[in-house]
Amino acid sequence: MMLVDTSVWIDHFNDHPSPQATRLRDAISDHEDIALCGIVLTEILLGLRSHEQARKIENLLDAFTWLPEPDKADYVQAATIFRHCRSKGISIRSTIDCLIASLCTRHQIPLLTKDQDFNQIATHHPLTLVKP
């Protein structure tokens, strides 16, 4: 199983060529177990232009495994990840990325992403990234 980040889903839905989108397409074709979380769903739906488009994408994404919603420990861990990276001189641009990293860590699920912040997090936190 792997969690797929918003950046990869956007490339996939827009037919934008990237190694990560190719990896996602291969995983879908091979019926690999792909996980999503509410935060990623929200980010995907925010970028769509119409309610019809959002409804269609939401229905398509229902086919994948859904992680449980974050709990207090996930939020605390996200803040810990942010502070730890900051103490190493690394500025993580998104609180959401820290929360996604926390969820992946808790559920021991690797992350497929294009976002460079996750590379920085993985350097200082036990986050596993999927190589495309």
### Message
For the stretch 14-29, which positions are within 19 Å of Thr113 (Cβ to Cβ) and at pLDDT 95 or above?
### Response
Ser18, Pro19, Gln20, Ala21, Thr22, Arg23, Leu24, Arg25, Asp26, Ala27, Ile28
### Message
Quick test for you: out of Arg55, Arg93, Arg83, Arg106, pick the one residue that is under 16 Å from the mean Cα position of the chain (by Cα), of a type in the set (Lys, Arg) and part of a helix (DSSP H, G or I).
### Response
Arg106
### Query
Exactly one of (1) in contact (Cβ under 8 Å) with a residue 24 or more places away in the chain; (2) among the aliphatic types (A, V, I, L, M); (3) in contact with a strand residue (DSSP E or B) (Cβ under 8 Å, 6 or more places away or on another chain) is unmet by Leu129. Its number?
(1)
### Message
Ser87 - would you say it is free of Cβ contacts under 8 Å to residues at least 24 places away in the same chain and either out of contact with any strand residue (DSSP E or B) (no Cβ under 8 Å at 6 or more places or on another chain) or exposed (fewer than 13 other Cβ atoms within 10 Å of the Cβ) (or both)?
### Response
yes
### Query
Among Leu45, Leu60, which is the only one that is in contact (Cβ under 8 Å) with a residue 12 or more places away in the chain and either part of a helix (DSSP H, G or I) or not assigned by TED's automatic domain parsing to the domain that holds Pro19 (or both)?
Leu45
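The values are calculated or read from the model by the stated rules, or taken from the named source; none is laboratory data. Predicted model only: the values in this text are computed from it and were never measured. For neighbour counting, all protein chains shown are included, and Cβ atoms are generated from backbone atoms with ideal geometry for every residue, glycine included.
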